[in-house]
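Each remark here refers to the structure printed beneath this line.
The values are calculated or read from the model by the stated rules, or taken from the named source; none is laboratory data. What you see is a predicted model, and the numbers here were worked out from it, not measured in a lab. For neighbour counting, all protein chains shown are included, and Cβ atoms are generated from backbone atoms with ideal geometry for every residue, glycine included.
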Amino acid sequence: MADPAPARATFGTIALLTSLVMLGQMSISLYIPSLPSMGHALAAPADQVQLTMTFYLAALAVAQLVWGPLSDRFGRKPILFVGIGVYLAGTAMCALAPGIFVLIAGRALQGIGASVGTAVSRAITRDRFERAEAARTMAYIGMAMAAGPAIAPVIGGQLQTLFDWRAAFLALLLFGACVGFATWRYLEESNRDPNPNALALQHVLGAFGRLLGHRAYIGYTLVGAGAFAGLMAFTTGIPFVLIDIFGMSPAMFGFVPAFTVVGYFSGSFAATRMTGRVRPARAVAIGSTICALAGAAMLGVVLGGLSSPATLVASMMVFMLGFGIALPNASASAMQPFARIAGSAAALQGFLQTAIAALGTVAVATLADGTALSTALVVGAGGLLACAGYFLVARPAERAAP
């Protein structure tokens, strides 16, 4: 069984878990300012360039279904090493890609590797902490991670201006190597009782079936899925809106995500303050409602002909405020009942959330009409899904539980 949960997470624990999750986050944020110029350099249209995000997210989603059970069977640390190795190979492939389709393949391999950090870090958190402390720990990780999406596009914009789009992937290669070293040097194994049956087909299907049949788990997972889909829709669509439609330079665009990260940081900070004062379910209700209202506001701005960099970014800041409040509490609430299959629970949660986000990026590209409408539509739908996941699925399930 897992060791007794400590009263508080240490700074070192938070820093290490943050670095693992940021494998996936930095791989999204750092190359965003290069998306338009990448298309020009590789003679690829915008919809093909956007597939580098879609395939990355799809791989990030599916691979978690493998890493989670593997970490239940063999432990968290060795599986992290394998995944980081795959990530480094995929990143090198992206940096050397001669054409768009090789780049898309490299992004898929990169996503497979990056997903190990997302899945296993959640399992480690569940191994070590109970529900309230897990939510608090995830909120602190969210606060620390807010710096990544804020700083990465600024760095990416400067790398694009000084060099070209390949420089972003070389920077990610260096970052991945540093994360691998930190994992080897500082991570302690948290799975003290590996399950020898974790990879048996009957066990895997039984675990996933149990999770899919747990309404509260599904509801809380949908909260994160809707919020993440809104974020990925904005992340994928907004470079083309602001750079191609509003004429913003890549270097200037690099500062735009910093504004939305202010919302996410504020929400994560609020989530840490709520711990012990507000029930996790109540925090999820507040955060998901904010996401729904902000998504509706963005759509209203676009349909009302009031689109501008200021109005689009401001509404996304509010969306991210709700995201920061809802996500750590929803993730902790979903994971709490599943100590013995924490890896599988984290994997399925990550898969569902990332798969829905990937579909959101497909919708943005498919519905693109040269305006901000497709982005606003998917952000609005994501906020609505987050709100429905709690109020229509998770809350009724928890109230009906004995």
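Worth a mention:
- In this entry, Met26 is excluded by the filter for residues that are closer than 22 Å to Thr354 by Cβ and out of contact with any Phe, Trp or Tyr (no Cβ under 8 Å at 6 or more places or on another chain).
- Failed item in (1) in a helix (DSSP H, G or I); (2) hydrophobic (A, V, I, L, M, F, W, C); (3) over 20 Å from the mean Cα position of the chain (by Cα); (4) more than 23 Å from Leu392 (Cα to Cα), with Ala270 passing the rest: (3)
- Filtering the stretch 371-388 for residues that are of a type in the set (Val, Ile, Thr), under 21 Å from the mean Cα position of the chain (by Cα) and over 18 Å from Gly224 (Cα atoms) leaves a non-empty set.
- Options Phe391, Phe351, Phe323: the member that is of a type outside the set (Lys, Arg), over 30 Å from Val204 (Cα atoms) and assigned to a helix (DSSP H, G or I): Phe323
- Matching residues, the stretch 29-53, being at pLDDT 80 or above, part of a helix (DSSP H, G or I) and within 15 Å of the chain's Cα centre (by Cα): Met53
- Lone qualifier among Ala283, Ala216, Ala229 - being of a type in the set (A, V, I, L, M, F, W, C), more than 24 Å from Val364 (Cα to Cα) and buried (at least 24 other Cβ atoms within 10 Å of the Cβ): Ala283
- Residue satisfying all of: in the stretch 286-307; free of Cβ contacts under 8 Å to residues at least 24 places away in the same chain and not aliphatic (A, V, I, L, M); surrounded by the fewest Cβ atoms within 10 Å (Cβ to Cβ) among these: Gly305
Listed here are the residues, each with its yes/no results for (1) of a type in the set (Phe, Trp, Tyr); (2) touching a strand residue (DSSP E or B) at 6+ places or on another chain (Cβ under 9 Å); (3) buried (at least 24 other Cβ atoms within 10 Å of the Cβ).
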| position | (1), (2), (3) |
| --- | --- |
| Ile356 | no, no, no |
| Ala363 | no, no, no |
| Thr366 | no, no, no |
| Asp369 | no, no, no |
| Ala372 | no, no, yes |
| Cys387 | no, no, yes |
| Tyr390 | yes, no, yes |
| Ala394 | no, no, yes |
| Ala400 | no, no, no |
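- Residue in the stretch 212-225 that is closer than 28 Å to Tyr31 by Cβ, at pLDDT below 85 and of a type outside the set (S, T, N, Q) present: no
- Which numbered condition Ser315 misses (of (1) of a type in the set (S, T, N, Q); (2) modelled with pLDDT under 90; (3) in contact with a helix residue (DSSP H, G or I) (Cβ under 7 Å, 6 or more places away or on another chain)): (2)
- The listed residues are Ala334, Ala346, and the only one of them that is aliphatic (A, V, I, L, M), assigned to a helix (DSSP H, G or I) and touching a His at 6+ places or on another chain (Cβ under 9 Å) turns out to be Ala334.
- Candidate set: the stretch 1-23, residues that are of a type in the set (Gly, Ala, Ser) and at pLDDT below 80; chosen: the one nearest to the chain's Cα centre (by Cα): Ala15
- From the options Ala58, Ala89, residue that is assigned to a helix (DSSP H, G or I), modelled with pLDDT of 90 or more and touching a helix residue (DSSP H, G or I) at 6+ places or on another chain (Cβ under 9 Å): Ala89
- Residue in the stretch 109-119 that is surrounded by fewer than 23 Cβ atoms within 10 Å (Cβ to Cβ), farther than 21 Å from Ala365 by Cα and modelled with pLDDT under 85 present: no
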